[in-house]
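For reference, the structure discussed in these notes is given below.
The values are calculated or read from the model by the stated rules, or taken from the named source; none is laboratory data. Since we're looking at a predicted model, the values are computed, not measured. Note that each Cβ is placed from the backbone with ideal geometry, even for glycine, and that neighbours are counted across all protein chains shown. To get the accessible areas, we keep the full protein, side chains included, count just its heavy atoms, and leave off ligands, DNA and RNA. Shrake-Rupley method; radii C 1.70, N 1.55, O 1.52, S 1.80 Å.
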Amino acid sequence: MATKNLPMREALRKALMEEMHRDQRVFIMGQEVGYWQGTHRVTRGFIEEFGEKRVRDTPISEMAIGGAAVGAAMAGLRPIAEFMTINFAFLALDAIVNHAAKIHYMFDGMFKVPLVFRAASGWGDQATASHSHAPEPIFAHFPGLYVGCPATAGDAYGMLKTSIRDDNPVLFSESIALYAKPGPVPDDDNYLIPVGKADIKRPGRHVSLITYARGLEWSLLAAKELEKDGIDCEVVDLRWLRPLDTALVFESFKKTGRAVIVEESLPFYSFGSELAAQIQEHCFDYMDAPIKRVSSLDVPLPYSRHIELMALPNAEKVVAAVKEIL
Amino acid sequence: MAAPTREQQVEWYRQMVLIREFEEACYHLYAQKRITGVYLHLYSGHEAVGVGAVAAMERGKDHIITAYRDHGVGLAVGVEAKYLMSEMMGRRDGVSGGKGGSMHLASREHNFWGGYAIVGGHLPLATGIALANQYNQTGGVVISFIGDGATNNGYFHESLNLSGVWKLPVVWIIENNLYGMGTEIIRSAGNPILHKRAAGYGVRDMERVDGQNILAMHAAVKEAIEYARTEGPVLIEAMTYRYYGHGVSDKQYDTRLADELAQWKAEKDPIHLFRSKLVGRYKNIELELNRLDDDAKKQVAEAVEFAEASPLPRTMDELLSNIYVD
Ligand SMILES: Cc1ncc(C[n+]2csc(CCOP(=O)(O)OP(=O)(O)O)c2C)c(N)n1
Ligand SMILES: [Mg+2]
């Protein structure tokens, strides 16, 4: 397939732009998505292209943004609601988990809620505790909601298109640190990555590095480093935290017998703990070593830069974890 | 109310120029990467609002809380510039030990309950602090600043209403600088006359005050505090303007709003206006004011020197301290 090299930001922008042209029911709302050109420039040019009807600047009203998206979706529109950063989605948690995620079930299928909550995620650059979250696993806790977390520009493109076209609510997390990162993006308006389909980003034999979003970068760097020692890592990028492609995880683990789970979020009640539990339950006979987890440390993130970096995962920590179980 | 004395006014002038110098220094230090991070919101242009309000407080008895645009309040309540500057730089001597950064300054001993980065998040805290004062019959009043943009989130409505229901001793001050990030108030508020919201909550409406005029600010807040101390909550809408756009992430303000900004600076600069007034009223005051201008520069230079000599936290103990009360 022909591809174009684009930063993730542009890949997302292209997906949004194409889907808005494709379906008049799709519209976008959020803080500064219009005249300010998008806080992260994902909606650059949209207000000029689509006008105020379909590109709606909102007040700083997360509860209403989240809940209005649910109502509009129930009534036949296909809203894309943007949270400037995922930290502010906490203010809309009720709309997301009690309404978006539950309405289809609670009314036994009477209503559909086809919406996408987009949110810029992740920590770093001294954003401080309240602005330094990668809380995707919190959202993945709730049945009824899909959670997408792309790690590459191409995946971001295909996953966002799928999320917009799907009839279920999707929490779509975009890592701020990856917005500028380029990658090949297919030249195909209908490039769709199925919900819940993981991807092997690097095949290998000795150990499975299981990750998503920013963790992919650290995992691939670690794999490269470990290659020097003759250690062959398989890197599994989950892409969706819900549905979770456990089939591919188990297949990889059964081949390698060892796993390091790499995530940017916090370690308690986490993506890592869920996966580790699933693996031991389903692949017990294949386990050659304890499952390791690399994540942020269990601390709110401080502002000061050295101690901030200390708390965060990176490729060296992945390398060290792999060496512990080989 | 007794007219403010010459001495009081000279003190207010001192605070205002100190804030102006401090913020200019922050602006340049950030450009030179001596202050790092992603968030830095300067108070330049707002000086009369903060200094006027603080001047109306009964020190040691009344309380103050604000959002992330918090440097000015810190200086006005009397925290030494060197400890605030150390926080900007994430140093051990910072008011929050380098953990909080620019958006999270606070000083217990000055009854300054902090700057908060989630829009509206501190408003219910103000309600709670006021409740504690009512509960303990301290006679203390809480001043809570509110961005114009913050009046559109649920926290604002719930907090004001609760203060009205319980007749709490709070003075709510909207710092209406006409924008929340890039959104003008007329595009985010159904009724852009923000003080009118008081009526809905049983909060006394003290209407608009010229936030560039320190004497007007001081008089209004003084009256508000006296009312709040015995009767209950008050809302003031102070009209002001931000000189450096939203924050360091706002790269377009000086081009986007060049004319408007120039006009505010030329016609409504709070320091310039106050200085002219003082010079007109008091003979021989100019030399004294000039000396305060020089002192402010010197004090800020010393603060920068102090901060840069203060160590950066580097240890695991520092990272992990104070997650819980020991
Ligand atoms: C709940 C929440 N939503 C969005 C943001 C991002 N944000 C930070 S400041 C800001 C604008 C606030 O404007 P205003 O209340 O007018 O205060 P000002 O910056 O003008 O002082 C926004 C949208 C946030 N920090 N918290
Ligand atoms: Mg504002």
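Restricting the search to helices (runs of 4 or more DSSP H) fully inside the stretch B:1-90 and requiring at least 3 residues that are open to solvent by less than 10 Å² (accessible area, probe 1.4 Å) and closer than 26 Å to A:Ala129 by Cβ gives B:6-31, B:71-77, B:81-88. Residues in the stretch B:128-157 that are buried (at least 24 other Cβ atoms within 10 Å of the Cβ), part of a helix (DSSP H, G or I) and more than 11 Å from chain A (Cβ to nearest Cβ): B:Ala130 only.
The residues listed here are B:His46, B:His41; of these, the one that is within 14 Å of another protein chain (Cβ to nearest Cβ) and under 20 Å from the mean Cα position of the chain (by Cα) is B:His41.
Scanning the stretch A:1-42 for residues that are charged (D, E, K, R) and open to solvent by less than 30 Å² (accessible area, probe 1.4 Å) turns up A:Glu19, A:Asp23, A:Glu32. The set of residues in the stretch A:81-121 that are within 14 Å of chain B (Cβ to nearest Cβ) and aromatic (Phe, Trp, Tyr) comprises A:Phe83, A:Phe88, A:Phe90.
Only one entry in A:Gly66, A:Gly51, A:Gly76, A:Gly71 is away from ligand 2 (no atom under 16 Å from the Cβ), open to solvent by less than 10 Å² (accessible area, probe 1.4 Å) and assigned by TED's automatic domain parsing to the domain that holds A:Asn98, namely A:Gly66. Considering the stretch A:30-59, the residues that are on the phi > 0 side of the Ramachandran plot and touching an Asp or Glu at 6+ places or on another chain (Cβ under 8 Å) include one that is nearest to the other protein chains (Cβ to nearest Cβ), namely A:Glu32.
Those helices (runs of 4 or more DSSP H) of the stretch A:246-326 in which 3 or more residues are open to solvent by 60 Å² or more (accessible area, probe 1.4 Å) and more than 14 Å from chain B (Cβ to nearest Cβ) occupy A:246-256, A:271-282, A:315-324.
Out of curiosity, is A:Leu238 open to solvent by less than 50 Å² (accessible area, probe 1.4 Å) and either within 21 Å of the chain's Cα centre (by Cα) or touching a residue at least 40 places away in the same chain (Cβ under 8 Å) (or both)?
yes
Restricting the stretch A:79-94 to residues that are touching a helix residue (DSSP H, G or I) at 6+ places or on another chain (Cβ under 6 Å) and either charged (D, E, K, R) or open to solvent by less than 10 Å² (accessible area, probe 1.4 Å) (or both) leaves a set whose member that is farthest from ligand 2 (Cβ to nearest atom) is A:Pro79.
For B:Arg208, the conditions (1) more than 14 Å from chain A (Cβ to nearest Cβ); (2) open to solvent by 10 Å² or more (accessible area, probe 1.4 Å); (3) within 14 Å of ligand 1 (Cβ to nearest atom) all hold with the exception of (3). Test A:Arg118 against the stated conditions and say whether it is under 20 Å from A:Arg9 (Cα atoms), basic (Lys, Arg), modelled with pLDDT of 95 or more and buried (at least 20 other Cβ atoms within 10 Å of the Cβ). For A:Arg118, the condition - under 20 Å from A:Arg9 (Cα atoms), basic (Lys, Arg), modelled with pLDDT of 95 or more and buried (at least 20 other Cβ atoms within 10 Å of the Cβ) - is met.
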